Amino acid sequence: MARHDEIRRRLNEGRGVREIARALKVSRTTVREIRDGTKPVPVPGGLRAADPLWMGQISWPPVIEDLRRGHPLKLIWDEKAKTLTTYANFWKQFYRKFPEYRQAIVTAREFTAGERVEVDWAGDPIEWVDLKTGELHKAWVFVSGLGFSQLLFAWATPDMKSMHWLACHKRMFEFYGGVAHVTVPDCLKQGVLKCHIYDPDLNPEYAQLAAHFSTSIVPARPGTPKDKAIAEGLVKILSRYVRFHYRHYRFTSIGEINRALAECVAKINDRVHTRFRVSRRERFEAVEKAALKGLPEVPYEVGEWKRATLAPDCYIGVDSALYSAPHIHRGKELRVKLTETQVEIYLDLECLAIHPRDRRRGGYRTRIDAHFPPQSQAYYEATPQNLLSQARFIDESLHQLVVELFNADVYGNIRRVQGFVRTCHKQIREVGREAAIAHIASALATMRQYAKFRVSYLQDLLKQARLKKGQASAEREIKRIPGNPMLRHGERQHALALEATTAEGAR
């Protein structure tokens with residue numbers, strides 16, 4: 001209406017049709033129609049064009065409801081209106097009909113091929129149900145995207161701890177088949193210990209991963225998600241895609257979630273990008289894959305870092321197991337790296353020891369003889385032989401048990417074997433060797449029957465054997481003394497016995 005009035009005003013001033021059309025950027029036909037009075041005067045509020053016929057075939061309330069829940073408009077068109085009209089026509093008519101849902105304008109960034117990869121955790125976890133217990137669990141989704149091709153990668157984990165954070169990076173680089181020059185994470189504790197706009201302090205484990213893959217870690221500024229807008233956008237796309245396509249499905253395991261994520265990632269990567277005019281995968285294969293750095297020859301082994309203090313016995317306790325370290329560092333706090341196969345012990349940057357990882361979780365000890373002082377080495381070398389000799393002298397069954405315990409764990413069972421030998425010696429002193437050997441053999445058989453090899457249990461069994469022997473010796477013939485005044489009807493017998501004793505004394 002304002003443009004109609006402006007054209008009418010300029011016509012009244014005597015300006016030409018061409019001049020008005022060029023200045024207001026309208027067609028000369030429109031100017032002539034207004035000049036000749038053939039174009040109707042617009043009413044206040046504007047004229048509303050009639051809806052196309054295909055719009056009457058769509059139920060718009062469900063479309064509005066899905067859009068309010070965060071589902072992307074393109075997926076809604078793909079499900080409800082793909083056979084009726086094109087996507088471009090659909091969103092134009094939708095925003096004309098519902099202008100309040102029009103999205104804000106965004107600015108796209110441009111990156112060199114192989115320059116950067118942006119990583120992040122998806123904000124909303126995916127829930128899954130354990131069918132055995134009925135418990136509801138959550139899976140957290142790691143998302144990454146390359147800067148040039150925006151190729152998407154996603155993987156679900158049971159939590160967001162450091163070990164899974166590093167493992168997801170390893171999977172990501174293997175998925176891309178190369179390494180970007182710059183990796184851009186968020187300022188989370190698994191990646192950045194202290195945020196700083198110019199010089200942030202990286203987590204040591206994360207810095208070691210970056211050194212292994214030869215990539216630079218450049219964290220986004222705190223509270224500035226636009227520094228990793230590609231990852232943020234891919235999180236939104238993937239979350240909406242999964243939430244929309246699996247809104248009527250209940251996951252029952254993390255593996256099932258990862259299979260669903262793989263399907264969604266493949267569809268997103270193979271779909272034609274609206275700006276590139278080719279799919280993300282095609283753009284990656286054609287240009288960016290060759291620009292990435294090659295993967296290192298030595299595979300990266302994901303490890304969990306912990307801190308532990310070396311005890312006076314030269315062992316540190318980590319993950320319900322004990323590992324030795326050099327005795328000169330007793331009392332110091334050491335850094336321990338737990339991998340799938342081994343345990344590495346560090347003091348600052350110096351590697352002190354490497355042990356095979358013990359997953360038995362029974363407090364077993366893993367040791368290296370050189371870690372102990374000379375007197376401790378002499379003790380560990382002499383004591384087992386001495387105990388074996390004493391057990392062989394006591395009984396063959398005890399000797400066989402000691403051999404089995406030492407084969408399982410020599411240094412973890414020394415104190416237990418000492419208790420067995422000492423208890424057996426005590427039994428021999430108290431009841432004699434012949435009876436004690438029988439008691440010991442019976443007690444060891446009982447211990448094997450119940451698979452309960454405890455010093456306190458052996459002591460209880462031998463104590464019961466001593467009590468039974470004492471009761472057997474107490475069972476003897478009872479002789480009654482004649483004339484006992486304490487017995488019933490014994491007064492007369494006592495008197496007769498007293499008279500006989502007096503008469504015998506008088507003679």
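Just so you know, all these numbers are worked out from the coordinates, no wet-lab data involved. Please read these numbers as outputs of a predicted model, since none were measured by experiment. Heads up, the Cβs are rebuilt from the backbone with ideal geometry, glycines too, and the neighbour counts pull from every protein chain shown.
Structure notes:
- Range of Cα positions in the stretch 161-239 per principal axis (Å), largest first: 32, 31, 24
- The chain, dipole about Cα centre (Lys/Arg Cβ +1, Asp/Glu Cβ -1), debye to the nearest 20: 1880
- In a simple Cβ point-charge model (Lys, Arg +1; Asp, Glu -1; nothing else charged), the stretch 271-323 has a dipole of about 740 debye relative to its Cα centre.
- Estimated translational D of the stretch 222-288 in µm²/s (Stokes, Kirkwood radius over Cα pairs; 4 °C; 1.567 mPa s): 95
- Stokes-Einstein diffusion of the stretch 116-291 at 20 °C, 1.002 mPa s viscosity, Kirkwood radius from Cα pairs, rounded to a whole number: 127 µm²/s.
- Residues with amide H under 5 Å from that of residue 352, placed H, sequence gap 5 or more: 345, 346, 347
- By the count of neighbouring beta-carbon atoms within 10 Å, fewest first, 292, 136, 188 end up ordered 136, 188, 292.
- Here is the tail figure for the stretch 2-101: Cα pairs spaced more than 22 Å apart come to 51 percent of all pairs.
- Each peptide in 176-184, 208-216 gets a packing score, the mean of other Cβ atoms within 10 Å over its residues, and the list from highest to lowest is 176-184, 208-216.
- Qualifying aspartates and glutamates (Cα of each under 15 Å from Cα of residue 452; at least 8 residues distant if same chain): 404, 460
- Shape call, the stretch 97-194: gyration tensor on alpha carbons, a/c limit 1.5: oblate
- Globularity index of the stretch 318-361 is 1.11 (Cα radius of gyration / 2.2 N^0.38 Å, N = number of residues).
- Debye equation applied to the C-alpha atoms of the stretch 197-336, log10 I(q)/I(0) at 0.13, 0.18, 0.19 Å⁻¹: -0.95, -1.24, -1.27
- Flagged links, alpha-carbon separation over 22 Å, of 74/228; 236/293; 74/267; 226/306; 161/332: 74/228; 236/293; 226/306; 161/332
- Least to most buried among 393, 406 (fewest other Cβ within 10 Å first): 393, 406
- The chain: calculated mean residue ellipticity at 222 nm from DSSP helix runs of at least 4, using -39500 (n - 2.57): -14000 deg cm²/dmol
- Ranked by the mean number of other Cβ atoms within 10 Å of their residues, highest first, the peptides 371-378, 12-19 come out as 371-378, 12-19.
- Taking Lys and Arg as +1 and Asp and Glu as -1, the other residues whose beta-carbon sits under 10 Å from that of residue 220 total -2.
- Extension gain from residue 2 to residue 196, taking 0.36 nm per residue of separation minus the Cα-Cα distance: 64.6 nm
- Packing-based exposure ordering (other Cβ within 10 Å, fewest first) of 4, 196: 196, 4
- Computed E for residue 207/residue 376 - FRET, C-beta separation, R0 41 angstrom, nearest 0.05: 0.65
- Listed residue (274, 323, 462) projecting farthest to the positive dipole end of the chain, Cβ model: 274
- Each residue of the chain gets 340 Å³ once the volume of the Cα convex hull is shared out per residue.
- Selection from 438, 336, 88, by position along the positive dipole direction of the chain (Cβ): 88
- Total formal charge among the other residues, if their Cβ is under 9 angstrom from that of residue 185, Lys/Arg +1 and Asp/Glu -1: -2
- Long-range tail of P(r) for the stretch 375-474 (Cα pairs > 20 Å, %): 36
- Count Lys and Arg as plus one, Asp and Glu as minus one, and take only other residues whose Cβ is under 11 Å from that of residue 348; the net charge is then 0.
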